[in-house]
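Novice: This is the structure I have questions about; it appears just below.
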Amino acid sequence: MDFQLSEEQVLLRDTTRNVLSRTYDPESRLKVLDSDLGWSRDVWTQLAEIGILGLGFEEDAGGQIEVQVVATEIGRRLAPEPVVHAALGPGSLIADVGTAQQRALLDEVAAGERLLAFAHSEPGMRLPTGTLTTSAAREGDSWTLSGRKNPVLAGDCADTLVVSAALPDGGTGLFLVDAAAVTRRPYRTFDGQRGAQIDLDEVAAEPLGEPADAGAAIGRAMVRISSALCAEALGAMEEALRLTTEYLTQRKQFGVTLSKFQTLTQRAADMYVSLELARSMTLYAAMSIADGDLDETIAARAKLQIGRSGRHISQEAIQLHGGIGVTAEYPVGHYAARLTAIEHTLGSSQDQLHVLMGQLGDYEVVTV
């Protein structure tokens, strides 16, 4: 099987890497994070011009492999632009089940002119499959939503919200809501990115597509988002390992570089093993989606391995750097924070393990 990127995918990777590398070094990234928005509108415009913000919306606009390529570069530079949460994730839902008129909004999203956010998670919900308390009410042809969504990543800056809510007759519906009509309580996440609590009090809403159960569509979107997050984590792990091995070859102890200490090099080698396990599962998840298999079990397997690898690599990176690894000025601690945040998005490693454990009864028992 050929795992090499095509010429177009290599060009996309290199262009994305060039744009983000020109913009972000550790110092400039911290300045952007401390701004009111928390990310750069100029970079967002550049990403739109490349075509990144419209990936996957149309058959000829790239697919999950292209999303993986881009997300890996975002993770490598710790770019704070909410590409997945303000464009590709909720945009995939609109592309999947939206009407022709609603899908026209994606032209503005791809152009960087409209920001989206997927308001699905609710307080106390550990997995995306949890029971919703946000409810939808219908009066004639009009719909209103009431409830609370938190966390909503990119919800602080979104123009349009894609909101999930329990339908009166059962099932989960999807609705488009004007972000200006809700009550938003924005905040910074511990990894420096942004989110918001969204409160809806009989807010006017437009059904996304038909006002019917959209549970399957939500599941497909979660698989896509999970795959993109795995790719972003992969990029962060690659850079954390690079910084660590570079530090070991430069830092001296007792007159010799740390790379001369066998125990330390063995720990770095174990980090590399974790990285390659994460790479394999990330590619497996993305290729499955590209082949049309949006399997939630595959997504859980990939997310579990990403969580385990990310935790191992981030902890070892900080340990091998020593005290400098947790300073705000040095990037290793920021990579660890982002990897931790990704692990707890859409369910932690422990949550994914419970999902997989719950499916053991579906498999046959091998007897000798």
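The values are calculated or read from the model by the stated rules, or taken from the named source; none is laboratory data. These figures come from a predicted structure and were not determined experimentally. Cβ: placed from backbone, ideal geometry, glycine included. Neighbour counts: every protein chain shown. Quick note on the areas: whole protein, heavy atoms, side chains included, nothing else; ligands and nucleic acids left out. Shrake-Rupley method; radii C 1.70, N 1.55, O 1.52, S 1.80 Å.
Novice: Among the lysines, which fall within straight-line cross-link reach of K303, defined as a Cα-Cα distance under 18 Å, with same-chain neighbours fewer than 8 residues apart omitted?
Specialist: The reachable lysines, counting only those whose Cα sits under 18 Å from K303, number zero.
Novice: What number comes out for accessible area per residue over the chain if the probe is 1.4 Å? Units Å², please.
Specialist: I get 47 Å² per residue for this part.
Novice: For the stretch 48-99, restrict the atom set to alpha-carbon positions and state the Rg and Dmax in Å.
Specialist: 11.0, 36
Novice: Out of the GluC sites (Glu not before Pro) in the stretch 1-91, which ones are loop residues according to DSSP with at most 14 other C-beta atoms within 10 Å?
Specialist: Passing both the DSSP loop test and the Cβ count: E58, E59.
Novice: Another question, if that's okay. How long is the stretch 308-356 along each principal axis, judged by its Cα atoms, biggest number first, in Å?
Specialist: 37, 16, 10
Novice: At 1.002 mPa s and 20 °C, plugging the Kirkwood radius over alpha-carbon pairs of the stretch 188-238 into Stokes-Einstein gives what diffusion coefficient in µm²/s? Numbers along the way, then the final one.
Specialist: Working: Rh = 14.4 Å.
Value of D from the Cα-based Kirkwood radius: 149 µm²/s.
Novice: So how do F175, F261, F57 rank on accessible area, 1.4 Å probe, biggest first, that is with the largest at the start?
Specialist: F261, F57, F175
Novice: With +1 on each Lys and Arg Cβ and -1 on each Asp and Glu Cβ, how big is the dipole of the stretch 7-81 about its Cα centre, in debye rounded to the nearest 20?
Specialist: That gives the stretch 7-81 a dipole magnitude of about 400 debye.
Novice: Local charge sum around T99 (other residues, Cβ-Cβ under 12 Å, Lys/Arg +1, Asp/Glu -1)? Working shown, then result.
Specialist: Details: positive: R103; negative: D96, E206, E210.
So the surrounding residues net to -2.
Novice: OK, next. Scattering from the C-alpha atoms of the stretch 228-276 alone, worked out with Debye: what is log10 I(q)/I(0) at q = 0.13 1/Å?
Specialist: Log10 of I(q)/I(0), two decimals: -0.34.
Novice: Ignoring ligands, DNA and RNA, what percent of the accessible area of the stretch 237-311 is carbon or sulfur (1.4 Å)?
Specialist: Working: 1990 of 3890 Å².
C and S fraction of accessible area: 51 percent.
Novice: Go ahead and collect, in residue order, the members of the stretch 166-180 whose backbone nitrogen is under 18 Å from a label point 7 Å along the Cα-Cβ direction of T99.
Specialist: Only 173-178 pass the distance filter.
Novice: List the extent of the Cα atoms of the chain along each of their three principal axes, largest first, rounded to whole Å.
Specialist: The Cα atoms of the chain stretch 79, 62, 41 Å along their principal axes.
Novice: For the stretch 7-81, would you read off the P(r) tail past 21 Å as a percentage of all alpha carbon pairs?
Specialist: Here the long-distance tail beyond 21 Å is 25 percent of all Cα pairs in the stretch 7-81.
Novice: Among I324, A217, V365, whose Cα sits farthest toward the positive end of the charge dipole of the chain (+1 at Cβ of Lys/Arg, -1 at Cβ of Asp/Glu, about the Cα centre)?
Specialist: Value computed over the given set: I324.
Novice: How big is the charge dipole of the stretch 216-362 about its Cα centre, in debye rounded to the nearest 20, if each Lys and Arg gets +1 on its Cβ and each Asp and Glu gets -1 on its Cβ?
Specialist: 480
Novice: Translational diffusion coefficient, Stokes-Einstein: compute it for the stretch 216-362 using the Kirkwood radius over C-alpha pairs as Rh, at 10 °C and 1.306 mPa s, and state it as an integer in µm² s⁻¹.
Specialist: Roughly 99 µm²/s, to the nearest whole number.
Novice: Within the stretch 39-95, what whole-number % of the accessible surface is contributed by carbon and sulfur, with the 1.4 Å probe and all protein chains included in the calculation? Numbers along the way, then the final one.
Specialist: Working: 730 of 1730 Å².
Ligands and nucleic acids excluded, carbon and sulfur give 42 percent.
Novice: Follow-up. Dividing the convex hull volume of the alpha carbon atoms of the stretch 57-214 by its residue count, what do you get in Å³ per residue?
Specialist: Normalising the Cα hull of the stretch 57-214 by residue number yields 118 Å³.
Novice: Same structure again: For the stretch 60-127, run through the trypsin sites (Lys or Arg not before Pro) and keep only the ones in DSSP coil with at most 15 other Cβ atoms within 10 Å of their Cβ.
Specialist: Passing sites in the stretch 60-127 are R126.
Novice: Counting other Cβ atoms within 10 Å, which GluC sites (Glu not before Pro) in the stretch 271-365 have at most 12 and lie in a DSSP loop?
Specialist: Those that pass, being in a loop and sparsely packed, are E329, E364.
Novice: Sticking with this one: Please enumerate, by chain and number, the aspartates and glutamates with C-alpha under 17 Å from the C-alpha of K260, excluding those fewer than 8 residues away in the same chain.
Specialist: List returned: E246, D270.
Novice: Ordered by packing density, taken as the mean number of other Cβ atoms within 10 Å over each peptide's residues, highest first, how do 204-215, 137-148 rank? Show your work: numbers first, answer last.
Specialist: On the way: 204-215: 18.1, 137-148: 14.6.
The peptides rank, most packed first, as 204-215, 137-148.
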